[in-house]
1. How would you rank R23, R393, going from fewest to most other Cβ atoms within 10 Å of each one's own Cβ?
2. Once amide H atoms are built 1.01 Å from N in the peptide plane, which residues 5 or more positions from L253, or in another chain, come under 5 Å H to H?
3. For the range 255-441, go through all pairs of different Cα atoms, get the mean of 1/r, take its inverse, and jot down that Kirkwood value in Å.
4. So for T73, T246, T185, fewest C-beta neighbours within 10 Å to most, what's the order?
5. How high is the relative contact order of the range 255-441, given as a whole-number percent (alpha carbon pairs under 8 Å, six or more residues apart)?
6. Mind ordering 170-180, 107-117, 398-408 by average Cβ neighbours within 10 Å, highest first?
7. Run the quick spin-label model on L464 and R338: label points 7 Å from Cα toward the beta carbon, then report their separation in nm to one decimal.
8. Using 7 Å Cα-to-Cβ label points, what is the E215/E418 separation (nm, one decimal)?
Amino acid sequence: MAGLIRQHKHLARYRQIVAAFTRQGFGYLIDQTGLAEHVRIHRRKTGPMPTGSEHHLPTGARLRRTLEELGPTFIKIGQILSTRPDLFPVDVLDELKKLQDAIPPFPFIDVKAIVEAELSGPLEQIFADFAEKPVASASLAQVHKATLQSGRVVAVKVQRPDIRNVIDADIEILRDVAEFLDQHTHYGQFYDFPSIVLDFEKSIHAELDFTREAENMDTFRQHFAHDPGIAVPEVNWIYTTPRLLTMSYLKGLPITDLALLEQVGIDRIELARRLTTSVCNQVFRDGFFHADPHPGNLLILSDGTIAFLDLGMVGKLSDERRQMITEFFIGVTTRNSRMVVKALVDLESKVRQEDLRQFEQAVARMIDTYLDKPWREIHLADLFRETFNCAYRYHIKIPHEYAILAKTFGTLQGVLAELAPELNTFEVLSPIARKMMVQSFSAHALSQRFLRLFWKQKDQLADLPKSLIRLANRLGDEDFKIQFEIKDLHRLQDHLDRAFNRVAFSVMLLSVSIIIAGVILGSSISAEAGSDLVQLNRMVLRGGLILASGLVLVLVISVLRSTRR
């Protein structure tokens, strides 16, 4: 019933979505999944590819156009899906990575209304100057240059009006579609669509809260305190709210304008190396990194400092994950496939040993293929992609942090390809990973790990004395009993019985053999003593042989019966 209500409420938006996908040649997918019938939209069935020049474009390009047409929510979906090689082939992922959320700005009258509502005062009293034309415009917000009454120049990021309601409505539609696909299509057997939508919902809601982005900026400022040539804008918390972010205004050059960078005397090789070092430090040292370092989020200041912008989307790594990722890169550079597999396999997932062995063999072949190439020809994006393909082929679940890392390093590699093609990420990354690996075994790191473990288990440790006292009291009770249960005990008893029987028969057979041997030896010695003694020995020998034959027969029958059980 709730699904029907949502469908009726968002019927117009459903029609827009269906129309957009149909125009770009994806109407056959809607027909195959039965989505149109699900939301009671009557439409003419389409073939696999409608006519028109735009439909001759590759699948990835048409999908990118569809998402751009549908607006902010679907643009963000595409950006997140660009990190999922388990869902799309390489050519589609490459197109999704091109998604840009730059759209026309909204009117200044709306900007003024939002600023005044958020800061509870007239715009003219809060700011000495506020530029009406934005310096940047994106799907969730736009940025204006302004001057505070104190004379300080700032950048004000203003959230688009009613954008949260638009996104929440689209998320409701996505939830409904995900549930339908999960329950009524064979795709639901392979992909957990509701979980994908839930992850997206958490991600985009985090970006809609500008106070979280401000907190990220403060965290980066602390981490960059000892990193020369790296900066982030400084937050002005007095004029910052969930829909408004005020920060220091940074003026600089785009990192892609190589001619201008050379003109002002900035060494692009050194710049590229410093950028790569910073991203690697964010991942391996801090476990807190910019998840989308594309050229639009990087600004080069006049002194060559690299400023990271748009810090709403960040990646976070726990100490355990950071250790795993470090081991992954160490394993790759040292050709240790077992270390690579150990670093990749999610410890919480259940993996068949056969799949794990095949995965390790595939990783070993992949590493050999890559490390036969010169450093400059090894691309992290390709390495991650092939690793993911191997993992999914052998049903290995890889921690989702690796997908974010793949996107981050893939984006970084794209920047380096323009800025300094001769510099490879591996050249900078490998020594940093090795250094972090060594430092992880230092006395300080081990003590910190022990303290974290102690803090994590503090409740159990606090209850330990009480548990020991209860156990001691129970041991003192006269009726205290300890019961042990051995699995398949009756089988063990059967095996022991058969073994003892065989030993007994063998001992008996050995005894009869000894007696017979003695009789034969005695007969030969006493042959001259008389025919009566010889006749007695022959009778004993004959009886011993009959007894021995019977014992052997019984032993053979016992063995045959035991093997049939």
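What follows draws every value from the coordinates through simple rules; no lab data is involved. The shown structure was predicted, so the numbers you read here are calculated from the model rather than taken from an experiment. Here the Cβ positions follow ideal geometry from the backbone for every residue, glycine too, while neighbour counts run over all protein chains shown.
1. R393, R23
2. For L253, whose amide H was placed from the backbone, the distant partners under 5 Å are I300, L301.
3. Values: mean 1/r = 0.0578 Å⁻¹.
It works out to 17.3 Å.
4. Working: T73 22, T246 27, T185 16.
Going from least to most buried by this count: T185, T73, T246.
5. That works out to 29 percent.
6. Taking the mean over residues of other Cβ atoms within 10 Å, the ranking is 398-408, 170-180, 107-117.
7. Result: 3.2 nm between the two label points.
8. Those two pseudo-labels are separated by 3.3 nm.
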